[in-house]
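Q: Before I ask anything, let me first share the structure, which is written out below as structure tokens.
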Amino acid sequence: MKYKVIKSFRDLQDKGHVYGIGDEFPREGVEVAEKRVKELASAKNKVGVPLIKKVEPKPEPEPKKKK
């Protein structure tokens, strides 16, 4: 599942890596526990506001039928 950063933050559980607005979370090559994702997506973190949001996959357009 993919998440996008909605507020810049320094991830203290990822060696202080800085995530900017619009970055994908987690960054490539980093595994994050579901508990951590829930924490960052809610206000129950040190900053007190959600920092990431889930990116819903866009449905693929249906192929056009030949006449």
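The values are calculated or read from the model by the stated rules, or taken from the named source; none is laboratory data. If you're wondering where the values come from, they're calculated on a predicted model, not measured in any experiment. Here the Cβ positions follow ideal geometry from the backbone for every residue, glycine too, while neighbour counts run over all protein chains shown. The accessibility values were calculated without ligands, DNA or RNA, using every heavy atom of the protein model including side chains. Shrake-Rupley method; radii C 1.70, N 1.55, O 1.52, S 1.80 Å.
Q: Could you tell me which of the residues 44, 54 is basic (Lys, Arg) and without any contact (Cβ under 8 Å) to a residue 24 or more places away in the chain? I'd like the intermediate steps shown before the answer.
A: Details: 54 fails: without any contact (Cβ under 8 Å) to a residue 24 or more places away in the chain.
Within the list 44, 54, the selection yields 44.
Q: Quick one: in the range 40-64, of everything that is of a type in the set (Gly, Ala, Ser) and not in a helix (DSSP H, G or I), which residue is surrounded by the most Cβ atoms within 10 Å (Cβ to Cβ)?
A: Going through the range 40-64, the residues of a type in the set (Gly, Ala, Ser) turn out to be 41-43, 48.
Next, only the ones that are not in a helix (DSSP H, G or I) stay: 42-43, 48.
Working: 42: 13, 43: 10, 48: 9.
Out of the qualifying residues, it is 42.
Q: A follow-up question, please. Does the range 44-65 include one or more residues that are among the β-branched types (Val, Ile, Thr) and farther than 18 Å from residue 6 by Cα?
A: Initially, the range 44-65 is screened for residues among the β-branched types (Val, Ile, Thr), giving 47, 49, 52, 55.
Checking which are farther than 18 Å from residue 6 by Cα leaves us with none.
Checking the range 44-65: not a single residue is among the β-branched types (Val, Ile, Thr) and farther than 18 Å from residue 6 by Cα.
Q: Further question: Applying the selection to the range 24-35, what residues are open to solvent by less than 60 Å² (accessible area, probe 1.4 Å) and closer than 13 Å to residue 53 by Cα? Quick ask: steps written out before the conclusion?
A: Residues of the range 24-35 that are open to solvent by less than 60 Å² (accessible area, probe 1.4 Å), as a first pass: 25-26, 30, 32.
Once the filter is applied, which keeps residues that are open to solvent by less than 60 Å² (accessible area, probe 1.4 Å) and closer than 13 Å to residue 53 by Cα, the range 24-35 yields 25, 26.
Q: So, one more: Please count how many residues of the range 2-21 are surrounded by 14 or more Cβ atoms within 10 Å (Cβ to Cβ) and either at pLDDT below 95 or over 20 Å from residue 56 (Cα atoms) (or both). Quick ask: steps written out before the conclusion?
A: At the first step, the residues of the range 2-21 found to be surrounded by 14 or more Cβ atoms within 10 Å (Cβ to Cβ) are 3-7, 9, 11, 14, 17, 19.
Narrowing the set further to residues that are either at pLDDT below 95 or over 20 Å from residue 56 (Cα atoms) (or both) leaves 9, 11, 14, 17.
Matching residues across the range 2-21 total 4.
Q: Taking residue 37 and the conditions (1) in contact (Cβ under 8 Å) with a residue 24 or more places away in the chain; (2) part of a loop (DSSP other than H, G, I, E, B), which numbered condition does it fall short on, given that it satisfies the others?
A: Every condition holds for residue 37 apart from (2).
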